[in-house]
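Structure first, commentary second.
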Amino acid sequence: MKAYQRQFIEFALSKQVLKFGEFTLKSGRVSPYFFNAGLFNTGRDLALLGRFYAEALVDASITFDVLFGPAYKGIPIATTTAVALAEHHETDVPYCFNRKEAKDHGEGGNLVGSALQGRIMLVDDVITAGTAIRESMGIIAANGATLAGVLIALDRQERGTGAISAIQEVERDYQCQVISIIALQDLISFLAEKPEMAVHLDAVKAYRDRYGITA
Ligand code: OMP
């Protein structure tokens, strides 16, 4: 695990973005942990969050033309990532987002920011089953753009419909790379270093045994 990944887990815990307990996911699975990126909810949080996303992006060194943040949760993330790239990595990239209403009025006409052209880096919070991400693919395709990659905060490394993870399915179906600041395996390594977190570690491992991908 890299230093920025450990710092990100500590940041998420301090803001209760990352919580342990019993949570029913969109998929219906009952998870012992949950990541609620909406609780990064102050100016400082957003500034820091952008730096972590930018760090993961630079670390992955994938070339792309435009950052795209799908409504709603992707919007502040793409924005703060673009700011962090400019301020901390001397990289000035165009960014763009969609209005949610676009779904009701046909594709393509409801974008804000730069044009959605070229190789797109899609930015979002979490992928579990990949439903939200797949919705965004339609918007990208409707604009004649292609997907360079997907950038998220947490890869839960859960099986999708088959034996591989939902993220692996996205990578296979859209021929792109999914980058995450942290993955479940990083969270497990982090918990393993903290004796006071032993209960959570056991629960998370049991969940991984049930729903996780085989590493
Ligand atoms: P998929 O659309 O199934 O990939 O799930 C992604 C969505 O699940 C996120 O946008 C959240 O609404 C929600 N989610 C989290 O935010 N954090 C988690 O730890 C787990 C989920 C989830 O329900 O799977």
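The values are calculated or read from the model by the stated rules, or taken from the named source; none is laboratory data. Because the structure is a prediction, the values reported are computed rather than measured. Backbone-built Cβ (ideal geometry, glycine too); neighbour counts: all protein chains shown.
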Which of the residues belonging to the range 81-96 are more than 13 Å from residue 151 (Cα to Cα) and either at pLDDT below 95 or not in a strand (DSSP E or B) (or both)?
83, 84, 85, 86, 87, 88, 89, 90, 91, 92, 93, 94
Per-region count, the range 179-191, residues among the aliphatic types (A, V, I, L, M), within 15 Å of the ligand (Cβ to nearest atom) and either in contact (Cβ under 8 Å) with a residue 40 or more places away in the chain or part of a strand (DSSP E or B) (or both):
4
Screening 24, 63, 42 for residues that are of a type in the set (Ser, Thr, Tyr), out of contact with any helix residue (DSSP H, G or I) (no Cβ under 6 Å at 6 or more places or on another chain) and in contact (Cβ under 8 Å) with a residue 40 or more places away in the chain leaves only 63
Sort through 206, 163, 132, 141 and tell me the only one that's in a loop (DSSP other than H, G, I, E, B), among the hydrophobic types (A, V, I, L, M, F, W, C) and either under 18 Å from the mean Cα position of the chain (by Cα) or surrounded by fewer than 20 Cβ atoms within 10 Å (Cβ to Cβ) (or both).
163
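A quick yes/no check of all residues on (1) more than 28 Å from residue 32 (Cβ to Cβ); (2) within 11 Å of the ligand (Cβ to nearest atom); (3) among the polar types (S, T, N, Q):
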{"residue": "135", "(1), (2), (3)": "no, yes, no"}
{"residue": "151", "(1), (2), (3)": "no, no, no"}
{"residue": "155", "(1), (2), (3)": "no, yes, no"}
{"residue": "160", "(1), (2), (3)": "no, yes, no"}
{"residue": "163", "(1), (2), (3)": "no, no, no"}
{"residue": "168", "(1), (2), (3)": "no, no, yes"}
{"residue": "173", "(1), (2), (3)": "yes, no, no"}
{"residue": "177", "(1), (2), (3)": "yes, no, yes"}
Can you tell which of 57, 25 is closer than 28 Å to residue 117 by Cβ and either surrounded by 21 or more Cβ atoms within 10 Å (Cβ to Cβ) or within 16 Å of the ligand (Cβ to nearest atom) (or both)?
57
